[in-house]
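Down below is the structure, laid out as structure tokens.
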Amino acid sequence: MRERREDIPLLVRYFTQKYAQRMNRDIQTISAEAMDALCRWNWPGNIRELENFIERAVILSQGPSLQIPVAELRGTAEPAATTTLEQAEREHILKALRESNWVLAGSKGAASRLGMKRTTLQSKMQKLGIRRREQ
């Protein structure tokens, strides 16, 4: 979609009609501000992300105008900064550790929450430099 931005208004209208009909809604218009924001957005999830976004907008709209959460599309036309797999894994492990009150083993421990053995969790913690003081 990044290369064919001129198709976005057509897709927005199509998805709006599709979901409005499916949900028995009478949506007739889309504001110029909303269409402009939709056209400027980078759509990192491609057409499926646009479709899901429009479906949600139809659900939330009241009245004959499509109400989109423009604030979600403002600011930057680029997607949020990507996180490395290692950073994501580290944050996920830290979250599980906090939720389990830093208990590693047992049915309510972080290893169980993460679906791994305690020794695997300990190994990953060492590799990622995770220590208890990071609470």
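The values are calculated or read from the model by the stated rules, or taken from the named source; none is laboratory data. If you're wondering where the values come from, they're calculated on a predicted model, not measured in any experiment. Note that each Cβ is placed from the backbone with ideal geometry, even for glycine, and that neighbours are counted across all protein chains shown.
Please indicate, with yes or no, whether at least one residue in the stretch 39-54 is in contact with a Phe, Trp or Tyr (Cβ under 6 Å, 6 or more places away or on another chain), modelled with pLDDT under 85, farther than 30 Å from I130 by Cα and not aromatic (F, W, Y). The answer is no, given that none of the residues of the stretch 39-54 is in contact with a Phe, Trp or Tyr (Cβ under 6 Å, 6 or more places away or on another chain), modelled with pLDDT under 85, farther than 30 Å from I130 by Cα and not aromatic (F, W, Y).
Mind checking which residues of the stretch 90-107 are touching a Lys or Arg at 6+ places or on another chain (Cβ under 7 Å) and either in a helix (DSSP H, G or I) or surrounded by 15 or more Cβ atoms within 10 Å (Cβ to Cβ) (or both)?
The first filter runs over the stretch 90-107 and keeps only residues touching a Lys or Arg at 6+ places or on another chain (Cβ under 7 Å), leaving 93, 96, 99-100, 102, 104-105.
I93, A96, E99, S100, L104, A105 - these are the residues of the stretch 90-107 that are touching a Lys or Arg at 6+ places or on another chain (Cβ under 7 Å) and either in a helix (DSSP H, G or I) or surrounded by 15 or more Cβ atoms within 10 Å (Cβ to Cβ) (or both).
Residue check: R113 meets all listed conditions (1) surrounded by 13 or more Cβ atoms within 10 Å (Cβ to Cβ); (2) modelled with pLDDT of 90 or more; (3) assigned to a helix (DSSP H, G or I) but one, namely (2). Filtered by the rule that a residue be among the basic types (K, R) and modelled with pLDDT under 85, the stretch 55-76 gives a lone residue, R74.
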